[in-house]
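The values are calculated or read from the model by the stated rules, or taken from the named source; none is laboratory data. Source: prediction; values computed, not measured. Note: ideal-geometry Cβ built from the backbone for every residue, glycine included; neighbour counts use all protein chains shown. Calculation scope for accessible area: heavy atoms of the full protein, side chains included, ligands and nucleic acids excluded. Shrake-Rupley method; radii C 1.70, N 1.55, O 1.52, S 1.80 Å.
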Amino acid sequence: MGEQTLRSCAMPKLDPKLATVRIEVTAGSGETPEDISAGTALIRQGKLQRTPLKLQKGTISFFWQMQPGRYPLFVSAEDFHEEAIFVDFVKGVTPLVHVLLTPVHNPRFPAFQELSQKVRTVFENSASVTGAASGAGLFEQLSRDRKAAALNILAKMADTHVVGTQGPSVLDAVDNVYEFRRDRVHALLVRNLQEEIEEALRQGQSVFVPVSGLLHKDFPSGSYKTKEKDKKG
């Protein structure tokens, strides 16, 4: 999502032809974050794509205008977790939508040399792809939220096998990570995991289940999640 410049004013000029919602964004401790990014997901050219929102700021609120309908709203700010909710736009009604952002805590990260050999190798392979000087340099330059996401996801990959606990892990299929995000990583693989997962599914032995990939604009098909007791993959 692109950064938006939000200017404070008494009341923004709104388009009467559109439906409007009023948004209040606060942090877990009650303050109002200043650097807020917001976006929605729209179908464009047959694909679902995230689109930055042009929010207009009033004295204490942001105003978002769209054609009537239901839209996903993604709100984030630096050092806060992203929140995602669905918002209903109805002509002639201006509901108040309250978004509470949870701060990202400052964890103690291990030193690069404390990481497993396989994870260090992934970072080393990723360094030149991302333009970093070295694997250790890439690890250190990641923001706290991206570093936490990368370590959690790579640890999950190392602990996940296509079939139960047998054979190579998912992490063994990763050559490098070419993009680190706040909630995911994009990696180049040395094996075709999609084919392996689909074959395991046909045999009834996979730890993965197929899910919709519509919200992943770069990978709209072949989306799978691991089976989890708490329904999260």
Need the failing condition index for Glu195 against (1) open to solvent by 80 Å² or more (accessible area, probe 1.4 Å); (2) in contact (Cβ under 8 Å) with a residue 24 or more places away in the chain, just the number.
(2)
Failed condition for Phe86, given (1) under 13 Å from Val21 (Cα atoms); (2) surrounded by 12 or more Cβ atoms within 10 Å (Cβ to Cβ), with all others met?
(2)
Taking the residues in region 198-233 that are of a type in the set (Asp, Glu) and at pLDDT below 70 as candidates, determine which candidate is surrounded by the most Cβ atoms within 10 Å (Cβ to Cβ).
Asp218
Within region 47-62, work out how many residues are of a type in the set (A, V, I, L, M) and farther than 16 Å from Ser76 by Cα.
2
Taking the condition among the hydroxyl-bearing types (Ser, Thr, Tyr) and either in contact with a helix residue (DSSP H, G or I) (Cβ under 8 Å, 6 or more places away or on another chain) or without any contact (Cβ under 8 Å) to a residue 40 or more places away in the chain (or both), does Thr130 pass?
yes
Please work out if Phe74 is open to solvent by less than 40 Å² (accessible area, probe 1.4 Å), within 24 Å of Arg144 (Cβ to Cβ) and either of a type in the set (Ser, Thr, Tyr) or touching a residue at least 12 places away in the same chain (Cβ under 8 Å) (or both).
yes
Does any residue in region 139-164 that is farther than 15 Å from Val122 by Cα come within less than 7 Å, Cβ to Cβ, of a residue that is open to solvent by 40 Å² or more (accessible area, probe 1.4 Å) and in a helix (DSSP H, G or I) six or more places away or on a different chain, and which pairs are these?
Val162/Glu196
Go through (1) open to solvent by 70 Å² or more (accessible area, probe 1.4 Å); (2) of a type outside the set (A, V, I, L, M, F, W, C); (3) within 15 Å of Leu14 (Cβ to Cβ) one by one and return the number of the condition Glu34 breaks.
(3)
